[in-house]
Amino acid sequence: MPIINFDLPADLFWARSARRVVPKGGVAHRRFETLAEGICFAVEDDQTERFGVSIDTDENSFSMDEIEALYRSEGFSAYREKSLGSPAAKL
């Protein structure tokens, strides 16, 4: 796996519907200060059903399968532990 800068700003995009043709307003977006925050949100937050998830930085774009692989990777463990220990993660 190439070296990934988890400190870059990132944009998370997803469809709100599993329909093949997404209705107007059916694509959602959320901006994160870091790729690490975006990855944690995409994997840990299960309050919203998301389809066709991708996260983009200036250097890379990742699908949900890639996001989950990054989340489970050894190089991401420090970010994951930090996220799980945050007060927001306990809500």
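The values are calculated or read from the model by the stated rules, or taken from the named source; none is laboratory data. From a predicted model like this one, the values you see are computed outputs, not experimental measurements. Methodologically, a virtual Cβ is constructed for each residue, glycine included, from the backbone with ideal geometry; neighbour enumeration extends over all protein chains shown.
Worth pointing out:
- Test: residue in the stretch 1-14 that is loosely packed, with under 14 Cβ neighbours inside 10 Å, at pLDDT 90 or above and on the phi < 0 side of the Ramachandran plot: yes
- Any chance residue 61 is in contact (Cβ under 8 Å) with a residue 24 or more places away in the chain and hydroxyl-bearing (Ser, Thr, Tyr): no
- Within the stretch 60-77, the set of residues being aliphatic (A, V, I, L, M) and more than 13 Å from residue 37 (Cβ to Cβ) comprises 64, 69.
- Residue 66 being more than 15 Å from residue 9 (Cα to Cα), of a type in the set (Asp, Glu) and touching a strand residue (DSSP E or B) at 6+ places or on another chain (Cβ under 9 Å): yes
- Close pairs from the stretch 21-38: first under 19 Å from residue 72 (Cα atoms) and of a type in the set (Val, Ile, Thr), partner in a strand (DSSP E or B) and at pLDDT 75 or above, Cβ under 7 Å, at least 6 apart: 34/10
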